[in-house]
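The structure appears right after this line, and notes come after that.
The values are calculated or read from the model by the stated rules, or taken from the named source; none is laboratory data. From a predicted model like this one, the values you see are computed outputs, not experimental measurements. Every residue, glycine among them, receives a Cβ derived from its backbone with ideal geometry; neighbour counts consider all protein chains shown. Keep in mind that these areas ignore ligands, DNA and RNA; they rest on the heavy atoms of the full protein, side chains included. Shrake-Rupley method; radii C 1.70, N 1.55, O 1.52, S 1.80 Å.
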Amino acid sequence: MIEEYPETSRKQIFVLLFLLILLGGLAIYFAFNTAGPNTVVAEQDKGSDVNEPYVEPNQPTTEPNKPNEKLEDPNDKKVLRPVHRHRAYTERVEERSRMVDWQIEARSVKDPNVLSAMRTVPRHAFVRPTEQNYAYTDNPLPIGYDQTISQPYIVAFMTEALKLTRNSKVLEIGTGSGYQAAVCAEIAQEVYSIEIVEELAKISKKRLKELGYRNVFTKYGDGFFGWPEHAPFDTIIGTAAAGRIPEPLIEQLTPGGRMILPYGSPRGFQYLVLVTKDKDGKISRKNVMPVRFVPMTGEVQKSPK
Ligand code: SAH
């Protein structure tokens, strides 16, 4: 009886030791298996932030449609919208908003898409550093090479006159700074813009890309001839004045389309002219506002009518 007691307690000690070793083993096993994957996941996360293309919330992705993929709305999926990731969009927001309130809405531009585009596009990013403090004033500004970025109100007025929708395809003559193209690109599906001054064409192309305007396509050339490879266009906007409306532009306008451009003596009296083409191809013209634009150069000056 006396010896049985220590024997039982030895057994208990062995069982306890066994359990302790088992628990220790399990603890070591779990410690290694949880620490390992966490470290790897953290590294993967870090990498994917850098490498994955940025996709803005609520924006369609940039990925091309997969073959055989059933699309609910093919138009929506193919469209590349501007990506507002550049820091310029978060700068001078108040100034931009005041510009829209006081210079644009106050002068009766009503299209909510135009007002929203003008609140979004960072105009100061389209002018040289020396002009940035004046970017939201009620004026045109120099952009170098004897050219100007139009007064904000004129940009808004002309954009509204085009009656852009999310499906519109726009042709612009005179990219200049790229600002007007960006405003149209906020609303329309695609903007094609031509600039005759090579340096300006280069600068605006780079700028539009950096600012995320994936739906703007630019080229260096004479806008007189339009862009036949991408014609027809639902809307055409000219931002340089001529005493003649280039015939190729009228041809490249879709039936039912709208075109607005400054018309008149390059250094004198000019009007914004709204040209519409009806479904049967009949052209109508209307003078809508007196303006002052830089002259359209190139072919249009060679054979004035
Ligand atoms: N839309 C521009 C305004 C630029 S001013 C903006 O938002 O900044 C007009 C521009 O038209 C100038 O850059 C000028 O070089 C360009 N231009 C003049 N004649 C042209 C032509 N025939 N073809 C294309 N661009 C032309």
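Odds and ends about this structure:
- Entirely in the range 210-305, the strands (runs of 3 or more DSSP E) that have 3 or more residues that are in contact (Cβ under 8 Å) with a residue 60 or more places away in the chain and closer than 30 Å to ARG81 by Cα: 233-238, 253-264
- 3 or more residues over 25 Å from ALA240 (Cβ atoms): qualifying helices (runs of 4 or more DSSP H) within the range 84-162: 93-99, 112-120
- Count of the range 138-172 residues which are near the ligand (Cβ under 10 Å from one of its atoms), over 23 Å from VAL100 (Cα atoms), in contact (Cβ under 8 Å) with a residue 60 or more places away in the chain and out of contact with any Leu (no Cβ under 7 Å at 6 or more places or on another chain): 1
- Breaking point among (1) within 14 Å of the ligand (Cβ to nearest atom); (2) free of Cβ contacts under 8 Å to residues at least 40 places away in the same chain, for LYS206: (1)
- Residue that is nearest to GLY257 (Cα to Cα) [pool: residues in the range 190-233 that are crowded, with 20+ Cβ neighbours inside 10 Å and among the β-branched types (Val, Ile, Thr)]: VAL191
- When the range 264-305 is filtered for residues that are open to solvent by 70 Å² or more (accessible area, probe 1.4 Å) and either within 15 Å of the ligand (Cβ to nearest atom) or acidic (Asp, Glu) (or both), the ones remaining, listed by number, are ARG267, ASP280, ARG292, GLN301, LYS302, PRO304.
- Scanning the range 180-189 for residues that are open to solvent by less than 10 Å² (accessible area, probe 1.4 Å), within 14 Å of the ligand (Cβ to nearest atom) and closer than 11 Å to ALA117 by Cβ gives ALA182, VAL183, CYS184, ALA185.
- Restricting attention to the range 237-247, the residues being buried (at least 16 other Cβ atoms within 10 Å of the Cβ) and within 12 Å of the ligand (Cβ to nearest atom) number 7.
- Filtering the range 163-177 to residues that are in a strand (DSSP E or B) and under 13 Å from GLN189 (Cβ atoms) leaves LYS169, VAL170, LEU171.
- Scanning the range 142-156 finds one or more residues that are surrounded by 18 or more Cβ atoms within 10 Å (Cβ to Cβ) and over 23 Å from MET289 (Cα atoms).
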